[in-house]
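Just below is one structure, and these are the notes that go with it.
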Amino acid sequence: MARGWMGALALAAAVVAAPAGAQLMPSTFTGGTTGDLAKLCAAEGGDALSMGARGWCEGFMVGAGQFHRSITAQGGRIRPIFCLPNDPSLTLDKVRLAFVAWVAANPGAAGDRAVDGAMRFANATYPCPARAGGKR
């Protein structure tokens, strides 16, 4: 448990120590917008700040995806917003990069809540097949 706190403190120190011109700021981690999430997802490199940003992005995506799956379970009343393809080559890293590209192509979404932007991206990128009667 102490190791987890130490890692969090090290990440916080790295964020605060980031150069003033860096794209990632402490507020990027707490801003909660689609644009903030895209900045975190776009982070590249092996430094602590970039690795922490990608971890934050991937954790957000996995958590949102698991929640979506839970509330849209088969037999439930809520229809899925998106349907991931049955493709073993689809990786979390590919989804992360596709999200960054989607936000760049849809700058109007940058100010939306991160979860709203993530769901709009997923709906546009991984639509569900049409059901009988033309409904998804």
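The values are calculated or read from the model by the stated rules, or taken from the named source; none is laboratory data. The structure displayed is predicted, hence computed values, not measured ones. Note: ideal-geometry Cβ built from the backbone for every residue, glycine included; neighbour counts use all protein chains shown.
Among the residues of region 56-91, those that are closer than 19 Å to ALA43 by Cα and surrounded by 13 or more Cβ atoms within 10 Å (Cβ to Cβ) comprise TRP56, CYS57, GLU58, PHE60, MET61. Every listed requirement among (1) modelled with pLDDT under 95; (2) over 20 Å from PRO107 (Cβ atoms); (3) buried (at least 17 other Cβ atoms within 10 Å of the Cβ) is met by THR28 save one, (2). Candidates in region 56-86 are the residues that are in contact with a helix residue (DSSP H, G or I) (Cβ under 8 Å, 6 or more places away or on another chain) and β-branched (Val, Ile, Thr); of these, the one that is farthest from TYR126 (Cα to Cα) is ILE78.
List the helices (runs of 4 or more DSSP H) that sit entirely inside region 14-116 and contain at least 2 residues that are on the phi > 0 side of the Ramachandran plot.
Working: elements: 26-30, 34-42, 48-71, 92-105.
In region 14-116, there are no helices (runs of 4 or more DSSP H) which contain 2 or more residues that are on the phi > 0 side of the Ramachandran plot.
Out of the residues in region 32-49 that are of a type outside the set (A, V, I, L, M, F, W, C) and in contact (Cβ under 8 Å) with a residue 12 or more places away in the chain, which is surrounded by the most Cβ atoms within 10 Å (Cβ to Cβ)? Don't jump to the end; show me each part of the working.
Narrowing region 32-49 to residues of a type outside the set (A, V, I, L, M, F, W, C): 32-36, 39, 44-47.
Still in the running and in contact (Cβ under 8 Å) with a residue 12 or more places away in the chain: 32-36, 39, 47.
Values: GLY32: 13, THR33: 17, THR34: 27, GLY35: 18, ASP36: 22, LYS39: 21, ASP47: 12.
Filtering first and then ranking leaves THR34.
Consider region 93-128 and keep the residues that are more than 10 Å from the chain's Cα centre (by Cα) and of a type in the set (Val, Ile, Thr). The one that is nearest to CYS57 (Cα to Cα) is VAL103.
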